[in-house]
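Structure first, commentary second.
The values are calculated or read from the model by the stated rules, or taken from the named source; none is laboratory data. Since the structure is predicted, the reported quantities are computational estimates derived from the model, not experimental observations. We work out accessible area using only protein heavy atoms, side chains counted, and drop any ligands, DNA or RNA first. Shrake-Rupley method; radii C 1.70, N 1.55, O 1.52, S 1.80 Å.
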Amino acid sequence: MRLAIVATAHLQARGLELGHRSVDILARVQSTRAKDYVREFNTALAPPWRREPTVREFTHRTRTELGIAA
């Protein structure tokens, strides 16, 4: 059980790291399709993850830098 929890936490951290990289790139590029993928990623961060500070920071970035609603 602990390994599953650690694996989930690691996956989340890596996913958010890649999510932040995509925001960095999309802030300079106009791509509706790419922004749709980021929007889908935000949707996948549904509760209970949405309350995590790192997830809140990510969704805030997508909202302010890309205009993507959480």
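Inside region 27-70, residues that are in a loop (DSSP other than H, G, I, E, B) and over 15 Å from Arg14 (Cα atoms) make up a count of 12.
In region 22-52, the qualifying residues are those that are open to solvent by less than 90 Å² (accessible area, probe 1.4 Å) and basic (Lys, Arg), and the one that is modelled with the lowest pLDDT is Arg50.
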